Amino acid sequence: MKFFVRAIVIAAALATTLAASQGQATGIVAGRVVDANGAAIPAATVMLVPGASAEGPSRSVPDEAERVLTDDAGRFVFSNIGAGTFRLQANKPGWLAGTLGQKRPGGAGTSFELGDGERRNDFAITIWRPAIIGGRVTDDAGDPLIGVEVRAIKQVFLAGRRQNDRPTRAKTDDRGLYRFPNLEPGDYIVAVLASALSEPPGFAGAIGAGQEIPPAYLETMVATGSNAMLFDRATGNVGPDKPLVASLTTLAAMPSADGAWPAYVTTYHPAATAQSSATVFRAQSGEPRTNIDVTVRLTPTWSVSGVVKDAAGPAVWHAVHLVPAESGDQPIIDVATAVTDSKGAFTLYGVPPGRYTARVVRVPIAPGGRYGLVGGTGEILQVMAFREREGGPAISPDSLWHADQPVVVSDRSIRDLAINLREGVRVRGRVRFEGARAQPTAEELKGTRVSLVPATGRADGPWYAQIAPDGRFTSASLWPGRYLVSAEPPDGWYLKDATYQGREVSTRPLDLADDLDNVVVTFTDQQRAIKGTVQVEPGAKPEEATVLLFPTDAKLWMDYGRRSRLMARTRVPASAQFSLTLPPAGDYFLVAVPEESIDQWQSPEFLSKISLMAERIRVAGDASLTQTLQLKRIR
């Protein structure tokens, strides 16, 4: 291998002699693409991408990225490369893409610096076989269910809680078989979805020939407190007022206006009708799991109907989401979804016995923006916000409206359910600056954002606050819940703390049920850090390690949002020197572990395990800290 690469580099060097004499770029980048066992991968596409990003493989690669194919021994070479910062990315059909320095599927890679005329021939990029999940969907008689919607939902830990990651969809074939051939390895659940959608007869007319969907419908389908997995428009008639009804499975019969409707209900592998009873299983790289079968049973279901009102009266063309009570604010999918008519009336169909929440959350769009449907052709349709022009307010001055109405279904339909929308809450306060630097100008404050971050790691948000030239801010209208205050300061400034009535609220959640005033966000011009060195055993490389920081108090391992000042990680570079922003005062664990072992590092179980091998440090005041760590292997 060394001989061959040396030959490549010599040949490339000869080829670039003329370029060098003409003042052109003469750098060389060479290496191999291999699998997890170190075996060569031929015919892989390798991309040399300008830039210092250390993220994992990107779906979109800049046009300026150079591309080559590996030879039969997995080797590649780029010649005539100018000085700069680069990353290497490789992919091949039937494989998961990888970047230079990436140690696990879904992990982060590293970038590298190339000097003027420098020649590097020591790069190795790993790519992985995907995980594969498959199985058969049958009814209670063992007959296949054909054309039903199946979702593979990766289970991840965010904010210390098990969460549902972005799902992947498939449909069963004429044998009831389904297959997910290209998944990232990890923990999964599989669900066969049977949610029912009902629309009033006037809804199609409201959309009209121009196909303009009513704004209220889009504003109530943005996945705040529900999951905006849309499917084909409803078809079929039922009842005297002729609502349209569709389901993600075949309708065994049309819904009854009053009696029980035998219908298939959402079912999780192997035959559970509640997510809490679903079997979580591990899908490994290159090890197909083809026995993930699901048995779906016909179940007596009922309807739930009522009226939605806001302060102005009937809420027209609003989506009503019926979600399992156990799912809280992060359901996988609605049990049923209904659209209100011109009088605010709705009917949810296909509801099996159980405890639910009928939820409506109407999220207004900011001026200069719009909501629209994205997805289609194999993707999951969802409603997303788009900015139609730059400038203008970043948040809407209009209020969010919301309602949660408990529903218990036993052996009969429910009529006359009243859902009354309430106005959302707002957080107000001011920002202040401490330090020797000049106070930011009004223009610089435009780039400063205070935000409210859902503490549970909910996917919606952050919800931003508008900062006035005098430093005062008012948040967007929020869905009530538990939030942390965060901020993006101007250049040269750093978040020191956020307080409400003397209590720190950037690291301890606020329970927002009503408007909140007088939050103070303080920035400082002093950047302080925990710096140090990671020592590794002979034969190991520092860049194999990641440094983790987390509190010694296990109660703080949950509900800290998607990013936290208390929980941090950083990849160790080849220099073995690491740096982390100094967290708030307190006692912490600090540990260096292999990057390949931290795919679920926000799991309290994982943190408890590595705390036994971690160093304990105390942060007191604003002084920077220095710490030497030994790489710890997890067993």
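What follows draws every value from the coordinates through simple rules; no lab data is involved. Predicted, not measured: the structure shown is a model, and the values here were computed from it. Please note: Cβ atoms are built from the backbone with ideal geometry, for glycine as well, and neighbour counts cover all protein chains shown.
For the reader, a short list of remarks on this structure follows.
- The separation of segment 562-635 from segment 397-455, counted between C-alpha centres, amounts to 32 Å.
- Hz values of 3J(HN,Hα) by residue in segment 608-615 - Karplus curve (6.51, -1.76, 1.60), Gly and Pro given as x: 4, 5, 7, 4, 5, 10, 8, 7
- Scanning residues 5 or more positions from residue 449 or on other chains, those with amide H under 5 Å from its amide H are 488, with H placed 1.01 Å from N in the peptide plane.
- FRET efficiency estimate (nearest 0.05) - Cβ-Cβ, residue 634 to residue 277, R0 41 angstrom: 0.85
- Segment residue 569-residue 618, extension gain: residue separation times 0.36 nm, minus the distance between their alpha carbons: 15.9 nm
- For the chain, the residue among 317, 246, 455 whose Cα projects farthest onto the positive side of the dipole built from Cβ charges is 455.
- With neighbour counts taken as other beta-carbon atoms within 10 Å, the residues 302, 95 rank, fewest first, as 95, 302.
- Those lysines that a straight Cα-Cα span of less than 21 Å connects to residue 92, excepting residues fewer than 8 apart in one chain: 103
- Around the Cα centre of segment 89-205, unit charges on the Cβ atoms of Lys, Arg, Asp and Glu (plus for the first two, minus for the last two) sum to a dipole of about 300 debye.
- Chain lengthening between residue 533 and residue 608 when straightened (0.36 nm per residue, less Cα-Cα): 24.6 nm
- Links that overshoot a 26 Å alpha carbon limit, given the list 154/632; 496/541; 154/496; 541/609; 496/609; 555/632: 154/632; 496/541; 154/496; 496/609
- Compactness of segment 133-420, taken as the C-alpha radius of gyration over 2.2 N^0.38 Å, stands at 1.01.
- Added length on full extension, which subtracts the Cα-Cα distance from 0.36 nm per residue, residue 297 to residue 513: 73.7 nm
- Fraction of C-alpha pairs exceeding 48 angstrom in the chain: 23 percent, rounded to a whole number.
- For segment 424-524, average projected area of the Cα convex hull in nm²: 6.0
- For 363, 520, the sequence from fewest to most other C-beta atoms within 10 Å is 520, 363.
- Around the amide H of residue 603, modelled in the peptide plane, lies no amide H under 5 Å away from a residue 5 or more places distant or on another chain.
- For segment 193-199, the Karplus equation 6.51 cos²θ - 1.76 cosθ + 1.60, evaluated at θ = phi - 60°, returns couplings of 8, 9, 4, 10, 10, 10, 10 Hz by residue, with Gly and Pro reported as x.
- The residue list 189, 112, 419 was ranked by how far each Cα lies along the charge dipole of the chain toward its positive end, using unit charges on Cβ atoms, and 112 comes out on top.
- Residues 563, 633 arranged by fewest to most Cβ contacts within 10 Å: 633, 563
- Computed E for residue 284/residue 434 - FRET, C-beta separation, R0 41 angstrom, nearest 0.05: 0.20
- Cross-link reach list, lysines versus residue 343, counting only Cα pairs under 16 Å and skipping chain neighbours closer than eight places: 242, 309
- For residue 113 and residue 520, the FRET efficiency from 1/(1 + (r/R0)^6), where r spans their Cβ atoms and R0 equals 45 Å, is about 0.60.
- Residues in segment 435-451 carry Karplus couplings, in order, of x, 8, 5, 5, 4, x, 6, 4, 5, 5, 5, 4, x, 9, 10, 9, 9 Hz; the curve used is 6.51 cos²θ - 1.76 cosθ + 1.60 with θ = phi - 60°, and Gly or Pro positions show x.
- Total charge dipole magnitude, the chain, about the Cα centre, Cβ charges on Lys, Arg, Asp, Glu only, Debye to nearest 20: 1140
- Only the Cβ atoms of Lys and Arg (+1) and of Asp and Glu (-1) were treated as charged; on that basis the dipole of segment 424-524 about its Cα centre amounts to roughly 100 debye.
- Unit charges at the beta carbon, dipole of the chain: most positive-side option, 350, 634, 306: 634
- Other residues whose C-beta falls under 12 angstrom from the C-beta of residue 333 contribute a net charge of 0, scoring Lys and Arg +1 and Asp and Glu -1.
- Overall form of segment 238-367 per C-alpha gyration tensor (a/c, 1.5; a/b vs b/c): oblate
- Building the convex hull from the alpha-carbon atoms of segment 529-630 and averaging its projection over directions returns 6.2 nm².
- For residue 519, distant residues with modelled amide H under 5 Å away: 428, 429, 430
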